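Take a look at the structure below.
The values are calculated or read from the model by the stated rules, or taken from the named source; none is laboratory data. Bear in mind that the values here come from a model prediction, so they are computed numbers and not experimental data. Cβ placement follows ideal geometry from the backbone for every residue including glycine, while neighbour counts extend to all protein chains displayed.
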Amino acid sequence: MSRDGLRVRGRSQRRGAKDGPDAGPADRHPGEAAGTALRAVGLSRTYGRGENLVRAVDGVDLDVPAGQTFAVTGPSGCGKSTLLQLFGGLDRPTEGEVWLGGRRVDHLGERALARLRRRAVGFVFQSFHLMDELTAAENVELPALLAGASPRTARRRAAGLLDRVGVADRARHLPSKLSGGQRQRVAIARALVNEPLVVLADEPTGNLDSAATHDVLRLFDELRAAGQTLVVVTHDERVAATADRVVSLRDGALADDIRLGGDGGTGLGTLLGWED
Ligand SMILES: Nc1ncnc2c1ncn2[C@@H]1O[C@H](COP(=O)(O)OP(=O)(O)O)[C@@H](O)[C@H]1O
Ligand SMILES: [Mg+2]
């Protein structure tokens with residue numbers, strides 16, 4: 001896996017000129033230092049208006065350095081999923097900015113945004129969101145094909161990733177023939193197939209039993225060790241324990257920000273004795 005995010009970043013910046021007037025170098029954040037994968041500036045998303053106004057995300061400032069694993073926690077309804085969708089360009093902020101790999105992305109046009117999502121972001125969802133009619137391997141190949149990989153390359157990458165997540169022997173199975181844990185491992189392989197700058201996971205273990213949760217956590221640990229930037233929304237403390245930083249949200253705003261080990265440091269899991 002390595003730090004391929006940096007490659008994605010170079011690619012998208014070179015492509016910038018084609019994406020319209022908003023995408024040029026002038027749009028780079030003045031304080032952009034090498035190695036910030038994801039940045040939110042004054043990020044807000046409201047729903048409804050007047051009496052029904054909901055501040056789902058309310059003025060969030062956050063920098064996620066490349067190679068770090070962030071956990072986002074907080075009670076149901078505090079804005080975790082909305083925040084993740086804003087990070088990944090699945091939703092647009094009402095106010096504020098989102099920067100991915102040094103490029104402002106929240107005001108890109110639809111096509112540029114879709115392309116960016118495909119190349120720079122890997123999503124993992126609680127309910128997997130695999131295509132039922134495609135095999136495990138085809139599910140992983142699809143985003144590679146959509147991003148312009150040749151069929152041969154897509155097949156090779158999918159086979160390698162399915163092997164890496166431990167489901168190579170299920171490559172030709174449909175999702176309906178897989179356990180929940182296997183489905184999520186296929187979904188993680190899919191999220192990685194375009195070597196994304198950042199992987200965004202929303203309650204990735206929410207539908208899994210504890211054995212499958214353990215497998216997914218081990219995978220996340222491997223990703224972290226390989227330098228993959230990862231933002232995981234969770235209220236499972238075992239998942240949060242694998243992160244470098246744990247930020248918690250209350251009513252859409254950052255309430256707490258705990259720095260754990262960092263590079264090669266001690267994870268929360270070790271501190272609290274959760275790790276085996
Ligand atoms: N599409 C929507 N329309 C209206 N309100 C929404 C919508 N999506 C989320 N919300 C509201 O925004 C708040 C944050 O939701 P969400 O981000 O899903 O929280 P979490 O993932 O932490 O449970 C909640 O009050 C929720 O009801
Ligand atoms: Mg949610």
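Among the residues making up segment 147-194, a single one is within 19 Å of THR69 (Cβ to Cβ) and surrounded by fewer than 20 Cβ atoms within 10 Å (Cβ to Cβ): ARG164. Within the option set VAL199, VAL239, being modelled with pLDDT under 95 and either under 19 Å from GLN85 (Cβ atoms) or surrounded by 18 or more Cβ atoms within 10 Å (Cβ to Cβ) (or both) holds for one residue only, VAL239.
For segment 71-86, the condition holds for no residue, the condition being that it is modelled with pLDDT under 95, away from ligand 1 (no atom under 16 Å from the Cβ) and hydroxyl-bearing (Ser, Thr, Tyr).
There is no residue in segment 234-241 that is part of a strand (DSSP E or B), away from ligand 1 (no atom under 15 Å from the Cβ) and under 30 Å from ARG55 (Cβ atoms). Scanning segment 209-252 for residues that are within 16 Å of ligand 2 (Cβ to nearest atom) and either more than 11 Å from THR73 (Cβ to Cβ) or not polar (S, T, N, Q) (or both) returns VAL231, VAL232, VAL233, HIS235, ASP236, VAL239, ALA240, VAL247, LEU249, ARG250, ASP251, GLY252. The condition of being in contact (Cβ under 8 Å) with a residue 40 or more places away in the chain, part of a strand (DSSP E or B), in contact with an Asp or Glu (Cβ under 8 Å, 6 or more places away or on another chain) and within 16 Å of ligand 2 (Cβ to nearest atom) holds for ARG45. Out of all the residues in segment 98-125, which are under 26 Å from HIS235 (Cα atoms) and either surrounded by fewer than 18 Cβ atoms within 10 Å (Cβ to Cβ) or aromatic (Phe, Trp, Tyr) (or both)? Answer for segment 98-125, where residues must be under 26 Å from HIS235 (Cα atoms) and either surrounded by fewer than 18 Cβ atoms within 10 Å (Cβ to Cβ) or aromatic (Phe, Trp, Tyr) (or both): TRP99, PHE123, PHE125. Annotation: of all residues in segment 63-114 being within 16 Å of ligand 2 (Cβ to nearest atom) and among the small types (Gly, Ala, Ser), the one that is nearest to ALA225 (Cα to Cα) is ALA71.
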